[in-house]
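S.K.: I am attaching a structure below and will ask some questions about it afterwards.
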Amino acid sequence: MVRIGITGVPGTGKTTVSRLLGERLGLPVIDLNYVAEKFQIDVYKDSKVIDVEKLERELSRELPEDAVVEGHLICEMQLPLDFVIVLRCHPNELRRRLKHKGWDEEKINTNVEAEILDYCLIKSEENYENVYQVDTTSRTPEEVVEKIIGIIFGREGGDEVDWSEYLFTRL
Ligand SMILES: Nc1ncnc2c1ncn2[C@@H]1O[C@H](COP(=O)(O)OP(=O)(O)OP(=O)(O)O)[C@@H](O)[C@H]1O
Ligand SMILES: [Mg+2]
C-alpha cells in the first residue's frame, strides 16, 4: 500500500511523470486539478477560487489505499500521503516548457519566480514528512520515474536544487 504525491509548479512535468509512474507501478492516477473542479466557488464571473479545505477533507476520506496523486495543490494541503515528490526544473527550461504550453508572459514569470523561490518545496516541507525533490531538467520522463521508484524503494535519495542565483537575473 503506497500513496505517492507528485507536486511542483506548472510545467515541471507532474502529469507526464505521474501517468508513466502509475503505469509502471500499476497504480491509479488521481489528477487533483480535475477533482478540484468540483470544489470551485465563484468569486467574480470569470475568476474562480478553490475551496482547498473542503477539497482536503473530501480527498482524505476518499483516497484509495494505493495511488499516485498529482497536482500543484498537494503542497498546500495535508493529505494522507506516504511520499511527496516535488518535481523541479531549471528556470530557463521551465520558461521554455510554459511557452510551449502557450502561456502569456506574466503567467510564465509568476511561475518561474515560484520555482526559483522553492515555493512548492517549502510548502511541502511545512505539510508533509517524506518530501523529496527530483530535478527533471536534464532527465527524460522515464528517467524521472526511475529516480522516483529508487526513492520509494529506499535505494536512493532526492536531489538538491538551488536556483537562487537566478533570483535577480533577467531570464
Ligand atoms: N523529464 C521530464 N519530465 C517531465 N516532463 C518533461 C520532462 N522533460 C520534458 N518534459 C516536458 O515538459 C512538459 C511538462 O508538462 P506537464 O503538463 O506534464 O507538466 P505539469 O507539471 O503537469 O503542468 P501543469 O501544472 O500545467 O498541469 C511536457 O511537455 C513534457 O513533455
Ligand atoms: Mg498537469
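The values are calculated or read from the model by the stated rules, or taken from the named source; none is laboratory data. Given the structure is predicted, the values throughout are model-derived calculations rather than measurements. Don't worry about glycine lacking a Cβ; one is built from the backbone with ideal geometry, like all the others, and counts go over all protein chains shown.
S.K.: Before we move on, is residue 87 touching a strand residue (DSSP E or B) at 6+ places or on another chain (Cβ under 7 Å), crowded, with 18+ Cβ neighbours inside 10 Å, modelled with pLDDT of 95 or more and in a loop (DSSP other than H, G, I, E, B)?
M.R.: Details: touching a strand residue (DSSP E or B) at 6+ places or on another chain (Cβ under 7 Å): yes; crowded, with 18+ Cβ neighbours inside 10 Å: yes; modelled with pLDDT of 95 or more: yes; in a loop (DSSP other than H, G, I, E, B): no.
Considered against the rule, which asks whether it is touching a strand residue (DSSP E or B) at 6+ places or on another chain (Cβ under 7 Å), crowded, with 18+ Cβ neighbours inside 10 Å, modelled with pLDDT of 95 or more and in a loop (DSSP other than H, G, I, E, B), residue 87 comes out as no.
S.K.: What pairs come up if the first residue lies in the stretch 99-125 and is of a type outside the set (Gly, Ala, Ser), the second is in a helix (DSSP H, G or I) and surrounded by fewer than 12 Cβ atoms within 10 Å (Cβ to Cβ), and their beta carbons are under 8 Å apart, counting only those six or more places apart or on different chains?
M.R.: 116/164
S.K.: Specify which of the listed residues (72, 100) is within 14 Å of ligand 2 (Cβ to nearest atom) and under 16 Å from the mean Cα position of the chain (by Cα). Break it down into steps so the answer makes sense when it comes.
M.R.: Working: 100 fails: under 16 Å from the mean Cα position of the chain (by Cα).
72 is the lone residue from the list that is within 14 Å of ligand 2 (Cβ to nearest atom) and under 16 Å from the mean Cα position of the chain (by Cα).
S.K.: Still on this structure: Give the residues of the stretch 141-171 that are of a type in the set (Phe, Trp, Tyr) and over 15 Å from residue 117 (Cα atoms), sorted by residue number. Steps first, please.
M.R.: We begin by selecting, within the stretch 141-171, every residue of a type in the set (Phe, Trp, Tyr); these are 153, 163, 166, 168.
Listed by number, the list holds a single entry, 153.
S.K.: Follow-up. Hey, any hits in the stretch 15-36 for a residue that's within 11 Å of ligand 2 (Cβ to nearest atom), assigned to a loop (DSSP other than H, G, I, E, B) and within 28 Å of residue 100 (Cβ to Cβ)?
M.R.: no
S.K.: Still on this structure: Any chance the stretch 55-65 includes a residue that's away from ligand 2 (no atom under 11 Å from the Cβ), at pLDDT 95 or above and either part of a helix (DSSP H, G or I) or touching a Ser or Thr at 6+ places or on another chain (Cβ under 9 Å) (or both)?
M.R.: No, the stretch 55-65 contains no residue that is away from ligand 2 (no atom under 11 Å from the Cβ), at pLDDT 95 or above and either part of a helix (DSSP H, G or I) or touching a Ser or Thr at 6+ places or on another chain (Cβ under 9 Å) (or both).
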